[in-house]
Structure formats: structure tokens, C-alpha cells
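Q: Mind looking over this structure? Questions follow.
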Amino acid sequence: MTATSSTHAVRRTDPRWIVVAVLGCAAFVALGAWAYGLFDGMIDLRVYRMGGSVLLDRASLYDAQLPGSGLPFTYPPFAAIAMVPLAAVPWGVALVVWTTISVLCIAAIWRAALPGGAWSLLPATWRGRRLAVLAGLTLASLLLEPVWQTIQFGQINLLLTAMILLDLVRPENARWRGFWVGVTIGVKLTPLPFLAFLLVTKQWRAFRNALLGLLATMAIGFAVVPNQSWEYWTVVVRNANRVGGLAYTANQSFMGFLSRLGDDASWIQPVWFVLSAIFGLLVLWLARRYWLAGDPVTAISVMALAVLYASPVSWSHHWVWIIPLGISLIRAVDRRWGRRPAVATAVLWYGLFVLRSIWWVPYRDDRELSWSFWQSIPGNSHLILGLTSFAVLAITSRAKAPAAERTTG
């Protein structure tokens, strides 16, 4: 490392700058929350705090409902335990702290998704201003439908995405690598397919650590609230309808798509299972291919597609994975077809998510069940874009020479 690069490294890790960045972000969040009326919204954050409050009150976690909306707590007991600190502080403090964490996670996701050579996609005059570019990308990301939905509802998706991505892009010999993937599963079950990814890529140590992380969250849950933990893992976990209507336009998953076609038809469940299994195997194949080729960000982002499509419920705010997936898509197009198509891909990919087309069509009160063919295109646009990205990444993966398999220990 040169003296210059060493100096920059010190500046990037200077705790004073970290404190300034966090406080500045918190002030920005507080101002934005006031301007957009978020202090009166953030319904999912209210549900999280309700879970923490129920534990503090020693009440029944899975019988509780949020006053005014009737929404239940649908997460594992460990999630409620983790939310106790937010339940113990005033609403305004919880909102600012939670949203600040989410905004900082956007920056962390961009930084992890733009390693090394990816910065070469930026104009030459911008490459020395990475911090400014990162801040600009973070602010611009608030325009993306999944990101804004996550912020608006006070959802946890940005935090979980950042935890998984930052955990798995670390060197394979990093201590406890994979542990935080297990913790995310213990908070919200949707990242479960990442265990299969660790297996097919032979990341044995990370797989072991992920299992330990998951088991740790379960152990904490049973230690603190044994009866409610038993209820969750034996009853609540099997009730997909508990989280809301499957046909609702915001459910951008195979199950959501099929439910909009057939409502409660008996064929939906088996067709969903077959589609999810086939697509899951294809995703594992492509994710493994990119992993062995030395492209972990793309491998992880592709794996996220299995999570989004196979889960019975993938609300649009679960799709915050479009940030790293978009970077992988742009890089793939740049390698295969050149700079101009890559720029066009960036504009189309992120621009279409800014347009929020899933909300252009009639929704709620089962109006999704009567969509015309043309209405179903914007109404399922997240699914269409995700499949398009998968196809492009599969095609361009042929041009990548697989590296020798890694020794993961």
C-alpha cells in the first residue's frame, strides 16, 4: 500500500467521520420524515415495536394485533426480542434511528456492489469522488419503488440485504463468515435459500456458521419466550395467509402471480411448488457458476431471485435486491456488448423501478383477479424484470471462464 492510499484508508475509517456521517444522516431522516409525514405512518415499524412491547408486557405475541389496523406480528420470536430497544424509546426516536439505519444500509449495499473494477464504469472525473458518488446513489435510491416502500413502511429489508451481502462478500477465511446470514433467517425466514447456496458452492465453514447463527436466534427465543417460540415454529410458520392476501399486486412472487390468475384454485399450490423448484435449481446453477468465476456479488444477487420468486409472499419492498442485481446486470452487459448498451441497461433497469408500474393498475379488493392481459404486464413488472435479468446473466455467464473451485475449509 502506498502512502497515499494509506492516508485515504485512515480517512475512510476515522471514527469522527463516521459519527458525523451518522448524525448528518439522522438529521436528514428527521427532516424527511417530517416533510413526508412519516411520523404518522411507518406501519411495519409499528408492528415491530408492538412485538417488543408485547414481550415487555409479558403478553401473547402471536395473538396481538396492531390497534387500528389489526396487523399481527408474523416474525420469529427473536425478531420481537431484537425490537425491544425500539419499543422502549419514544416513537419519534425509534423512527429516526430505524430509518437512519436503513439509509446507511443503502450506502453499504452500493459500496459492496461496486467493488474494484466496477468503479471503472463511472466517468473518469467521478472516480476520485467515491464518497460523493456513494451519497448521490443513496439519495437517488430513495426513488426506487422497493426502496421507498421499505422506508415508507419502516420495513427491515434494507438491513437484512446489507447483512447478507456484507457477510458473504468477505474473504472466505474471515472469522464467523456466514453467521449473520443465519441471524437474518432467525429474524425473517425468507433468506433461508441462502443455506442451499452455501452448500452448492461448497462453502462448508460459512454454512456451519450460518446454521449456528440461526440456532442461536432460536435458542434465544426459546430461552426468553419458550411457549411463544414453540407456537411459532410449530403453527405460525406454516400459515402463509397470516401475512396478507396472496393476490395483492404488491406480492411479486410466483405465488402472487398464480393467485392473480386463479384466485383460490386448487391447481395453484402444486404449480407454485413445481415452478419454485425448477427456478430454484436454475438459480443455484447460475449462482454457483458466478461464484466459481470469482464474482460473489452477482452470485449472491442471483441467489436473491430464488428468495423473491419462491417465497409465497414477496412484497414489492422485498425487492431491494434490485440495487446489487442491477450492478451485476450492467457489468455483464458491459463485458459482453460494450459501454453504450451498459449505460442503456442502467437507465432502463433503475428507471423502470422508479416508474413504479405495479401501481398503475387496479388493486385491492381483489381487483387484481380481473386484470386484462395488458394490465398484467405492469402489474407483474417486478417479476418480468427479474426474469429478464436472470436470462441476461445466464447468457453472459457463458463468456466467463470458470475459475478453479475454491478451498473453503
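The values are calculated or read from the model by the stated rules, or taken from the named source; none is laboratory data. Note that the coordinates shown come from a computational prediction; the quantities given were computed from them, not determined experimentally. All Cβ positions, glycine included, derive from the backbone under ideal geometry; neighbour counts span all protein chains shown. Quick note on the areas: whole protein, heavy atoms, side chains included, nothing else; ligands and nucleic acids left out. Shrake-Rupley method; radii C 1.70, N 1.55, O 1.52, S 1.80 Å.
Q: Classify the stretch 207-323 as rounded, prolate or oblate, taking a ≥ b ≥ c as the square roots of the eigenvalues of its Cα gyration tensor: rounded when a/c is under 1.5, otherwise prolate if a/b is larger than b/c and oblate if not. Could the numbers behind the result be given before it?
A: Numbers: a/c = 2.01, a/b = 1.03, b/c = 1.95.
Oblate.
Q: Show log10 I(q)/I(0) for the chain at q = 0.07, 0.11 Å⁻¹, two decimals, from a solvent-free Debye sum over equal Cα scatterers.
A: Scattering profile of the chain, log10 relative to I(0): -0.33, -0.87.
Q: Using a Debye calculation, one point per C-alpha and no hydration shell, please list log10 I(q)/I(0) for the stretch 260-409 at q = 0.13, 0.15, 0.18 Å⁻¹ in order.
A: -0.67, -0.86, -1.13
Q: DSSP H helices in the chain with Cα extent of 18 Å or more along the helix axis and mean Kyte-Doolittle hydropathy at least -1.0?
A: 15-35, 43-56, 91-113, 204-224, 268-292, 296-310, 322-337, 339-355, 381-396
Q: I would also like to ask the following. Debye sum, Cα scatterers, the stretch 305-353, no solvent: what log₁₀ I/I(0) at q = 0.18 1/Å?
A: -0.60
Q: OK, next. For the pair Leu282/Leu31, report the inter-label distance in nm, with labels modelled 7 Å from Cα in the Cβ direction.
A: Computed distance between label sites Leu282 and Leu31 equals 4.6 nm.
Q: Measure off, as a whole percent, the carbon and sulfur share of the 1.4 Å-probe accessible area of the stretch 259-409, all protein chains present.
A: 65
Q: Would you look at the GNM of the chain, springs on alpha carbons closer than 10 Å, and say which of Val313, Val103, Val133 moves the most?
A: In the Gaussian network model the winner is Val133.
Q: Let me ask something else about it. With springs only between Cα atoms under 10 Å, which of Thr298, Thr217, Thr388 fluctuates most in a Gaussian network model of the chain?
A: Thr388
Q: Fully extended, how many nm does the chain gain between Val19 and Val84 (0.36 nm per residue separation, minus their Cα-Cα distance)?
A: 21.0 nm
Q: As a test of reading the structure, rank Leu261, Leu387 by solvent-accessible area (1.4 Å probe, protein chains only), most first. Mind dumping the intermediate values first?
A: Details: Leu261 115, Leu387 75 Å².
Sorted descending by solvent-accessible area, the residues read Leu261, Leu387.
Q: Something else about it: Assign one of three labels to the stretch 127-214, namely rounded, prolate or oblate, based on the Cα gyration tensor with a ≥ b ≥ c the square roots of its eigenvalues; rounded applies when a/c is under 1.5, prolate when it is not and a/b is larger than b/c, and oblate otherwise.
A: Numbers: a/c = 2.91, a/b = 1.54, b/c = 1.89.
Taking the square roots of the gyration eigenvalues as a ≥ b ≥ c, the stretch 127-214 is oblate.
Q: Give me the percent relative contact order of the chain, please, defined on Cα pairs under 8 angstrom at least 6 residues apart.
A: Relative contact order of the chain: 17 percent.
Q: Ignoring ligands, DNA and RNA, how do Leu348, Leu38 rank by accessible area with a 1.4 Å probe, largest first?
A: Reading off the accessible areas and sorting them downward yields Leu348, Leu38.
Q: For the chain, what does the helix formula give at 222 nm: sum of -39500 (n - 2.57) over DSSP H segments with n ≥ 4, over the residue count, nearest 500 deg cm²/dmol?
A: -20500 deg cm²/dmol
Q: How would you classify the stretch 130-278 from its alpha-carbon gyration tensor, with a ≥ b ≥ c the square roots of the eigenvalues: rounded for a/c under 1.5, else prolate if a/b is greater than b/c, otherwise oblate? Don't skip to the answer; put the middle values down first.
A: Numbers: a/c = 1.59, a/b = 1.13, b/c = 1.40.
It comes out oblate by the Cα gyration axes.
Q: Next question, about the same structure. Between Val274 and Lys202, what is the FRET efficiency for a Förster distance of 41 Å, r being their Cβ-Cβ separation, to the nearest 0.05?
A: With a Förster radius of 41 Å, E is 0.90.
Q: Still on this structure: If you average 1/r across every pair of different Cα atoms in the stretch 236-291 and take the reciprocal, what Kirkwood value do you get, in Å? Write out the running numbers ahead of the final one.
A: Details: mean 1/r = 0.0794 Å⁻¹.
Radius from the Kirkwood sum: 12.6 Å.
Q: Quote the charge dipole size of the chain about the Cα centre in Debye, to the nearest 20; the model charges only the Cβ of Lys and Arg (+1) and of Asp and Glu (-1).
A: Around 1660 debye, computed over the chain.
Q: Now a separate question. Between Ser259, Ser301, Ser372, where does the largest GNM mean-square fluctuation fall for the chain, given springs only between Cα atoms within less than 10 Å?
A: Ser372
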